[in-house]
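Q: Can you read through this structure? Questions will come right after.
The values are calculated or read from the model by the stated rules, or taken from the named source; none is laboratory data. Just so it is clear, the structure is predicted and the values come from calculations on it, not from any experiment. Cβ sites come from the backbone with ideal geometry, for glycine too, and all protein chains shown count toward neighbours. For accessibility, only protein heavy atoms count, side chains too; no ligands or nucleic acids. Shrake-Rupley method; radii C 1.70, N 1.55, O 1.52, S 1.80 Å.
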Amino acid sequence: MTVMPALRAMATVDHQPGATRAAVWNTNRSVGDDFGVSHGNAVVVDLERDPEATAKLASLTMRSAVVLTPGSTVTGLPWNGSVLTEADITEFVAETQEHQADILAAVNRYRKRVKSKIVDPSFPVVPAKRRASGAQDTPEQRALATANFLALAWAFWLATESERQRRTVHPTTGATPWMMPGDLNAAEIAEFPPRFAQRVYLVRTS
């Protein structure tokens with residue numbers, strides 16, 4: 001079960017222990033693109049000096065799932081409920097790779113059954129995480145580094161799902177299932193893989 005109907009964005013947050021500033025990057029599905037993902041601009045909130053800090057953070061993460069950067073904490077932030085970490089994004093990538101293996105296995109079984117040359121799906125490069133360092137080691141740049149990893153992982157999954165979906169309906173006859181067996185034959189592209197989706201909760205304002 002997922003929360004996708006209410007999900008507006010994934011919000012990557014950097015708030016290190018004892019820090020007075022928190023940075024937020026919002027990541028969304030690109031409009032009109034089956035597997036594009038894009039960011040909004042970073043917003044940095046001063047938790048000590050800005051009297052509207054709580055309201056701003058609540059607005060920035062409305063109907064969003066929060067991903068914390070390495071070392072960050074939600075202590076002092078206006079949310080409750082589960083949040084994601086970079087480890088969850090790594091698992092997101094790994095689950096996508098498992099999905100790719102299942103798709104390739106299904107294509108290979110179909111190839112053997114029809115005894116014809118069938119081209120394998122074309123998957124994007126496996127995403128790699130990056131770290132902000134030196135002069136760029138700021139709340140907004142740390143948040144951006146993790147948000148970029150998230151965006152790559154999300155696009156990696158969506159592109160994988162697009163390859164699966166393309167092989168569910170025969171292009172000539174319209175017959176389905178085609179190359180994909182029943183458990184891989186869903187007509188729609190899933191927003192997230194099942195295990196990751198179960199960990200994607202919308203944060204609630206305290």
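Q: Once every Cα of the chain carries one equal point scatterer and solvent is ignored, give the base-10 log of I(q)/I(0) from the Debye formula at q = 0.08, 0.09, 0.10, 0.16 Å⁻¹, two decimals.
A: Result of the Debye calculation: -0.33, -0.41, -0.49, -0.99.
Q: From the protein chains alone at 1.4 Å, what is the descending order of accessible area for L84, L7, largest first?
A: Numbers: L84 5, L7 35 Å².
Order by accessible area, largest first: L7, L84.
Q: Among the aspartates and glutamates, which have Cα under 17 Å from the Cα of K112 when same-chain residues fewer than 8 positions away are ignored?
A: Cross-link targets: D102, D120.
Q: For the stretch 122-206, what is the convex hull (Cα atoms) projected area averaged across all directions, in square nanometres?
A: 8.3 nm²
Q: What accessible area per residue comes out for the chain, rounded to a whole number of Å², with a 1.4 Å probe?
A: 52 Å²
Q: So what is the relative contact order for the stretch 136-198, in percent, with contacts set as C-alpha pairs under 8 Å and at least six apart?
A: After rounding, I find 28 percent.
Q: Here's another thing I want to ask about it. In debye, nearest 20: dipole of the chain around its Cα centre with unit charges on the Cβ of K, R (+) and D, E (-)?
A: Taking the Cα centre of the chain as origin, the dipole is about 740 debye.
Q: A further question follows. Among 153-159, 192-198, 116-122, 88-94, what's the highest-first ranking by average C-beta atoms within 10 angstrom per residue?
A: Listed from highest to lowest mean packing, they are 153-159, 88-94, 192-198, 116-122.
Q: Same structure, new question: Where the accessible area of the chain is counted over protein heavy atoms with a 1.4 Å probe, how much of it, in %, is carbon and sulfur?
A: 53 percent
Q: Between W79 and residues 5 or more places away or on another chain, which pairs have amide H atoms under 5 Å apart, with H built 1.01 Å from N, and which residues are they?
A: Answer set, sorted by chain and number: S206.
Q: I need the calculated FRET efficiency for the pair I189 and E48, taking r as the beta carbon distance and R₀ as 41 Å, to the nearest 0.05.
A: That gives a FRET efficiency of 0.40.
Q: Please report the projected area of the stretch 28-128's Cα convex hull averaged over all directions, in nm². Walk me through the numbers on the way to the answer.
A: Details: hull surface 38.2 nm².
For the Cα atoms of the stretch 28-128, the hull's average projected area reads 9.5 nm².
Q: While we're looking at this one, here's another question. Per-residue ellipticity at 222 nm for the chain, helices alone: DSSP H runs ≥ 4 residues times -39500 (n - 2.57), over residue total, nearest 500 deg cm²/dmol?
A: Here the helix-only value at 222 nm equals -11000 deg cm²/dmol.
Q: Of the beta bridges DSSP finds with both residues in the stretch 6-100, what % are antiparallel, to the nearest 5?
A: 65 percent
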